[in-house]
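Before any comments, here is the structure.
The values are calculated or read from the model by the stated rules, or taken from the named source; none is laboratory data. As the structure is a prediction and not an experimental result, all values here were calculated from the model. A quick note on method: Cβ atoms are made from the backbone with ideal geometry, for glycine too, and the neighbour counts reach across all protein chains shown.
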Amino acid sequence: MEPLEARERREAVNGSVTVWRPWQLKQLDLSEGRAVTTPSIRHFFQEYVLVCMQSGVAHYRYRNTRVSGQAVDGTLLVIEPGETWISQAKDVTYHSLCIDPAWLQQLTIELFHREQSLPHFPSHYLFDPSLSQAVRDLAARSQAPTSCLQQEEMLLHLLARLLLSRAQDAGAFREPGWEHPVIKRTKAYLQAHYAEEVKLRELADVVNLSPFHLARSFRQAVGLPPHAYQTHLRLEHAKKLLAHGYDVGYVAHETGFFDQPHFTQQFKRHYLVTPGSYRKTARFSKSVSLEPANI
């Protein structure tokens, strides 16, 4: 496999990816990949992402850590919301769980019986076979008939184990990270105008910087250039609309993409499934296996 790079390339995604919402819970997305091979992909999620790898060769870079090599069954990655990470896979089999941060924060408050900020996981590359198995059990049982009581018990057991064993402990949960006011205002402007055409000069005027200085500072702070950050915002909004059953073409238009093919290409590149398939799984909580496709 080639060294890990951050370039976006039009290469085939091989293997099979399945995405579903367990018990139609809007706070969770589960996915399963079998023998998945991807080019280097830069990811940006607004949720917590828990990835449990079973086999294959994986390269990833997150924060100041770079890991490459054979995936060992029981290996987990914990990615915190709003952060950039890069991955490349060859014949990787995995399960991943996307968790709404507000929901996990509420669970943290209930678990520790006091107000807490978002949970922080100082070690994001873990080896925990029992926790990995718990994720796989959740994936398997979420597609079988279960009582509401059992569903809630499984979820709380899994997330409580994750928080109690891996989150930063007692009174040391991180405070919301300080962010330079320029970056904060830039993000806020893009969030307010995510579906619009925003020029770099317009964005720079908002924060009283030159376009060059803003583009350079934003990329250093966020890990993405402004246009890529706006694209990820559009995709996050698109997921919500698709989950409510809106037509793919309508969602593409409402979220500011050039056209439906462009939207489909971007969605597939980021989430490894098509918008139409995600719409079905999010609405009806049924898994859909996808054929290999080019991105």
| request: Mind listing just one residue for me: the one in the range 118-136 that is over 21 Å from Trp85 (Cβ atoms) and under 21 Å from the mean Cα position of the chain (by Cα) and, of those, surrounded by the fewest Cβ atoms within 10 Å (Cβ to Cβ)? | output: Gln133
| Does Val206 fit the bill of being touching a Leu at 6+ places or on another chain (Cβ under 7 Å) and either more than 15 Å from Gln46 (Cα to Cα) or in contact (Cβ under 8 Å) with a residue 60 or more places away in the chain (or both)? | no
| request: Scan the range 164-179 and give yes if some residue there is in a loop (DSSP other than H, G, I, E, B), under 21 Å from Gly82 (Cα atoms) and at pLDDT 90 or above, otherwise no. | output: no
| remark: Within the range 37-63, the residues that are more than 21 Å from Gly223 (Cα to Cα) and surrounded by fewer than 22 Cβ atoms within 10 Å (Cβ to Cβ) are Thr37, Gln54, Ser55, Gly56, Val57
| said: Can you say whether His232 is surrounded by 15 or more Cβ atoms within 10 Å (Cβ to Cβ) and either touching a strand residue (DSSP E or B) at 6+ places or on another chain (Cβ under 7 Å) or not small (Gly, Ala, Ser) (or both), as far as the supplied structure shows? | reply: yes
| remark: Note on the range 214-232: residues out of contact with any helix residue (DSSP H, G or I) (no Cβ under 6 Å at 6 or more places or on another chain) and without any contact (Cβ under 8 Å) to a residue 60 or more places away in the chain are Ala215, Arg216, Ser217, Arg219, Gln220, His227, Thr231
| request: Could you run through the range 247-260 and say how many residues are exposed (fewer than 15 other Cβ atoms within 10 Å of the Cβ) and either aromatic (Phe, Trp, Tyr) or in contact with a helix residue (DSSP H, G or I) (Cβ under 6 Å, 6 or more places away or on another chain) (or both)? | output: 3
| query | Can you tell me which residue in the range 194-224 is nearest to Leu235 (Cα to Cα), limited to those that are out of contact with any Gly (no Cβ under 9 Å at 6 or more places or on another chain) and outside any helix (DSSP H, G or I)? | reply | Leu224
